[in-house]
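**Q** Here it is, the structure in full.
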Amino acid sequence: MTFFDELETRSADAREAAQTEALIAQVARVRAAADSCLPGDVEVAGLGDLTKLPVLRKADLAAWQADKPPFGGIPVRNAAHVFQSPGPIYEPGGVSHDWWRMGRFLHAAGIGADDVVQNCFGYHLTPAGMIFESGARAVAAMVLPAGTGQTELQVQAAAAVGTTAYAGTPDYLKVILDKADEMGVSLGITKAAVGGGALFPAMRAGYAERGITCLQCYATADLGNIAYESPAMEGMILDEGVIVEIVTPGTGDPVAEGEVGEVVVTTLNPDYPLIRFATGDLSAVMPGQSPCGRTNRRIKGWMGRADQTTKIKGMFVRPEQVAALVARHEEIVKARVIASRDGAQDAMTVQVEAAGGSAELFSQSVVDVLKLKGAVEVVSPGSLPRDGLVIEDQRSYE
């Protein structure tokens with residue numbers, strides 16, 4: 001078995017020593033910035049001192065950026081691109097070797113110099129497409145920058161250029177494969193590196209039946225790759241370029257090993273230093289090491305949201321967006337977004353509690369505000385549960 005580099009198999013002591021040195025340098029880098037928000041009287045001499053520092057949340061980042069555009073005073077360097085995420089939040093991107101650290105995951109997925117990767121992540125404003133393209137370059141693979149949509153053209157291109165690997169959301173690969181079957185086209189995809197949505201066991205099994213090995217990673221636009229699966233498929237191995245804490249949501253206090261909590265990440269990338277950045281995602285640390293030989297800690301993967309923000313069809317839907325939908329129409333008393341599954345794909349239903357109006361009237365507002373299409377159900381006032389939920393995830397992750 002080969003590894004991406006020697007960092008993947010180093011001892012825990014060697015990893016802690018290297019990460020401690022990098023963390024101290026990162027904290028100093030941020031504190032040297034004129035607009036630093038890190039407390040200057042807190043000594044950071046080891047990884048355990050991270051808990052003395054405040055947690056940084058997306059709302060903080062958005063507020064900082066509104067005050068000091070585009071990056072809120074964070075000392076960014078070597079930026080070649082700037083991207084936009086919902087909020088809006090702006091993220092820098094670099095073009096140095098494996099800037100987002102995605103090469104490690106693609107290598108674990110068996111992708112290398114002999115592969116043509118059909119990259120079906122978006123290239124428009126979002127960094128996802130560039131994140132995976134940067135990783136493909138790191139493993140010397142050729143990239144077909146396909147983006148999203150135009151499935152028939154994607155099938156034609158995959159056949160013409162000899163695509164061997166897919167990168168994209170878990171469910172869009174099935175859309176491509178089904179379209180190829182419909183067109184009578186045989187594709188040579190045998191590997192899939194996915195992210196941006198849930199990889200359900202039945203979906204993975206379906207790909208395996210087609211001869212496609214499908215592995216997933218956990219990455220964000222702000223942080224790049226955080227954790228990834230190896231062929232052992234026993235949890236997700238933490239990337240070597242980040243420090244991950246699992247904390248009690250809303251407090252920043254670490255939970256006991258094995259308990260579910262919020263994922264808080266400190267990136268060691270000197271070009272974009274984010275310290276104790278709260279992802280809003282839930283996970284838990286797994287005991288022991290992966291049988292694949294990689295020695296870093298593992299997490300169980302994505303286990304839901306610490307708040308009600310939910311990813312549907314690869315896009316986040318946030319409670320504040322639901323509130324904006326309600327505010328757009330005087331007739332709407334409240335609304336509830338329900339995430340479910342329609343076969344192998346995500347589905348969204350928006351239940352609107354209103355004294356008047358119609359599904360047709362509200363549907364365009366749903367697209368405008370939530371940025372997704374979904375079924376709209378109008379219910380009478382008082383019908384929706386008073387349980388505080390505005391986003392309900394009914395999908396099974398077993």
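**Q** Report the charge-dipole magnitude of the chain in Debye, nearest 20, computed about the Cα centre from +1 at each Lys and Arg Cβ and -1 at each Asp and Glu Cβ. If you can, show how the numbers build up before the last one.
**A** Working: 34 positive and 49 negative charges, 57 e Å.
It comes to approximately 280 debye.
**Q** Further, regarding this structure: In the chain, what percent of the accessible surface is made up of carbon and sulfur (1.4 Å probe, ligands and nucleic acids excluded)?
**A** On the way: 9140 of 17140 Å².
C and S atoms contribute 53 percent here.
**Q** May I have the convex hull volume per residue, in Å³, for the Cα set of segment 312-398?
**A** Working: hull volume 8.3 nm³, N = 87.
Spread over its residues, the Cα hull of segment 312-398 gives 96 Å³ apiece.
**Q** Assign unit charges at the C-beta atoms only (+1 for Lys and Arg, -1 for Asp and Glu), then state the dipole size of segment 309-353 relative to its Cα centre in Debye, rounded to the nearest 20. Numbers along the way, then the final one.
**A** Working: 7 positive and 6 negative charges, 43 e Å.
It works out to roughly 200 debye.
**Q** Lys/Arg Cβ at +1, Asp/Glu Cβ at -1, dipole of segment 1-61 taken about the Cα centre: which of 22, 7, 54 is farthest positive-ward?
**A** Highest projection toward the positive end goes to 54.
**Q** How large is the accessible surface per residue of segment 301-349, computed with a 1.4 Å probe and reported in Å² as a whole number?
**A** Details: 2190 Å² over 49 residues.
Per-residue accessible area for segment 301-349 comes out at 45 Å².
**Q** Take residue 341 and residue 182, extend 7 Å from each Cα along the Cα→Cβ direction, and tell me the distance between the two endpoints in nm.
**A** 2.2
**Q** Given the DSSP H assignment, sum -39500 (n - 2.57) over each helix run of at least 4 residues in the chain and divide by its residue total; what's the result at 222 nm in deg cm²/dmol, nearest 500? Don't skip to the end; give the middle numbers.
**A** Working: 9 runs with 103 residues, N = 398.
When only DSSP H runs of four or more count, the value is -8000 deg cm²/dmol.
**Q** Length gain on complete extension for the stretch residue 328 to residue 9, per 0.36 nm per residue less the alpha carbon to alpha carbon distance?
**A** Details: separation 319, 0.36 × 319 = 114.84 nm, distance 5.38 nm.
Residue separation times 0.36 nm, minus the Cα-Cα distance, leaves 109.5 nm.
**Q** If amide hydrogens are placed 1.01 Å from N in the peptide plane, which non-local residues have theirs closer than 5 Å to the one on residue 216?
**A** Under 5 Å from the amide H of residue 216 lie the amide H atoms of 194, 229, each far enough along the sequence or on another chain.
**Q** Moving on. Could you sort 3, 71 by their accessible area in this structure, using a 1.4 Å probe and putting the largest first? Kindly include the intermediate steps, with their values, before the conclusion.
**A** Details: 3 65, 71 30 Å².
Result, largest first: 3, 71.
**Q** When all protein chains stay in place, what accessible area (Å², nearest 10, 1.4 Å probe) is found for residue 187?
**A** Looks like 40 Å² after rounding.
**Q** Sorting 124, 329 by accessible area (1.4 Å probe), largest first, what list results?
**A** Numbers: 124 150, 329 25 Å².
Per-residue accessible area, sorted high to low, gives 124, 329.
**Q** Using the beta-carbon distance between residue 47 and residue 97 and R0 = 30 Å, what value does 1/(1 + (r/R0)^6) give for FRET efficiency, to the nearest 0.05? Provide the component values of the computation, followed by the final result.
**A** On the way: r = 26 Å, r/R0 = 0.85.
Computed FRET efficiency for residue 47 and residue 97: 0.70.
**Q** Still on this structure, please answer the following. Please work out the average accessible area per residue across segment 143-248, using the 1.4 Å probe convention, and give it in Å².
**A** On the way: 3730 Å² over 106 residues.
Ligands and nucleic acids excluded, the result is 35 Å² per residue.
**Q** Using 7 Å Cα-to-Cβ label points, what is the residue 383/residue 371 separation (nm, one decimal)?
**A** 2.9
**Q** Still on this model: Label-point separation (nm) for residue 359 and residue 394, each offset 7 Å from Cα along Cα-to-Cβ?
**A** 1.3
**Q** Rounding to the nearest 20 debye, state how big the charge dipole of segment 265-383 is about its Cα centre with +1 on each Lys and Arg Cβ and -1 on each Asp and Glu Cβ. List each step's numbers first, then the result.
**A** Numbers: 15 positive and 12 negative charges, 161 e Å.
In total the dipole reaches around 780 debye.
**Q** Could you tell me the distance between the Cα centroids of segment 336-398 and segment 1-28, to the nearest Å?
**A** 45
**Q** Taking H as built 1.01 Å from N, whose amide H comes closer than 5 Å to the amide H of residue 84, not counting residues under 5 places away?
**A** The list, which skips near neighbours in sequence, is 91, 126.
**Q** Further question: Grab the beta carbon distance between residue 234 and residue 66, set R0 = 56 Å, and tell me the FRET efficiency rounded to 0.05. Provide the component values of the computation, followed by the final result.
**A** On the way: r = 42 Å, r/R0 = 0.76.
The formula returns an efficiency of 0.85 here.
**Q** Straight-line reach from residue 311: which lysines fall under 29 Å, measuring Cα to Cα and dropping same-chain residues less than 8 apart?
**A** Qualifying lysines at Cα under 29 Å: 58, 68, 174, 179, 191, 300, 334, 371, 373.
**Q** Compute the FRET efficiency between residue 114 and residue 2 as 1/(1 + (r/R0)^6), taking r as their Cβ-Cβ distance and R0 = 22 Å, and round to the nearest 0.05.
**A** Given R0 = 22 Å and the Cβ-Cβ separation, E is 0.95.
The values are calculated or read from the model by the stated rules, or taken from the named source; none is laboratory data. Values in this document were obtained by computation on a predicted structure and should not be read as measured data. A quick note on method: Cβ atoms are made from the backbone with ideal geometry, for glycine too, and the neighbour counts reach across all protein chains shown. Note: areas computed on protein heavy atoms with side chains; ligands, DNA, RNA excluded. Shrake-Rupley method; radii C 1.70, N 1.55, O 1.52, S 1.80 Å.
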